[in-house]
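**Q** Sharing a structure, written as C-alpha cells. Questions coming.
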C-alpha cells in the first residue's frame with residue numbers, strides 16, 4: 001500500500017475529504033519526523049513505538065575486496081517496535 005492508497009483509505013473510513021485526509025496524514029508524519037529529529041520517543045499504545053537508535057562506529061569489510069578493512073562511522077537510525085495489540089492482530 002502506498003501513500004495515495006492510505007489517504008484514500010483514511011478518507012473512506014473517516015468521512016473526511018481526500019484533501020483533508022492528506023493534510024492529516026502529512027501533519028502526522030511531520031510530527032513524527034520532528035520528534036525523531038529531537039530524539040524523542042513516540043508511543044502509540046497498542047500500535048507501537050518509534051525511537052532513534054544510535055549505532056557506534058565500527059570496522060567492516062569492503063564487499064568488493066574482503067581483505068580491505070574500512071571504518072564505518074557512527075550513525076543514528078529511526079526504528080519502529082510493534083506493540084502487543086498490533087503483533088497479535090498480524091499473527092491471527
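The values are calculated or read from the model by the stated rules, or taken from the named source; none is laboratory data. None of these values were measured; they are calculated from a predicted model. Using ideal geometry, Cβ is built from the backbone for each residue, glycine included, and neighbour counts are taken over all protein chains shown.
**Q** Would you pick out the residues in the stretch 1-45 that are exposed (fewer than 11 other Cβ atoms within 10 Å of the Cβ), out of contact with any strand residue (DSSP E or B) (no Cβ under 7 Å at 6 or more places or on another chain) and in contact (Cβ under 8 Å) with a residue 12 or more places away in the chain?
**A** Answer for the stretch 1-45, where residues must be exposed (fewer than 11 other Cβ atoms within 10 Å of the Cβ), out of contact with any strand residue (DSSP E or B) (no Cβ under 7 Å at 6 or more places or on another chain) and in contact (Cβ under 8 Å) with a residue 12 or more places away in the chain: just 45.
**Q** Let me ask something else about it. Quick one: is residue 76 modelled with pLDDT of 95 or more, assigned by TED's automatic domain parsing to the domain that holds residue 3 and surrounded by 11 or more Cβ atoms within 10 Å (Cβ to Cβ)?
**A** no
**Q** On to the next question. For the stretch 48-67, name all the residues that are modelled with pLDDT under 95 and in a loop (DSSP other than H, G, I, E, B).
**A** Result: 62, 63, 64, 65, 66, 67.
**Q** Filter the stretch 81-92 down to residues that are in contact with a strand residue (DSSP E or B) (Cβ under 8 Å, 6 or more places away or on another chain), surrounded by 11 or more Cβ atoms within 10 Å (Cβ to Cβ) and either part of a loop (DSSP other than H, G, I, E, B) or free of Cβ contacts under 8 Å to residues at least 40 places away in the same chain (or both), then give me how many there are.
**A** Qualifying residue count for the region: 3.
**Q** Here is a follow-up. Does any residue of the stretch 16-36 turn out to be over 21 Å from residue 2 (Cα atoms), in a loop (DSSP other than H, G, I, E, B) and under 17 Å from the mean Cα position of the chain (by Cα)?
**A** Checked the stretch 16-36: no residue is over 21 Å from residue 2 (Cα atoms), in a loop (DSSP other than H, G, I, E, B) and under 17 Å from the mean Cα position of the chain (by Cα).
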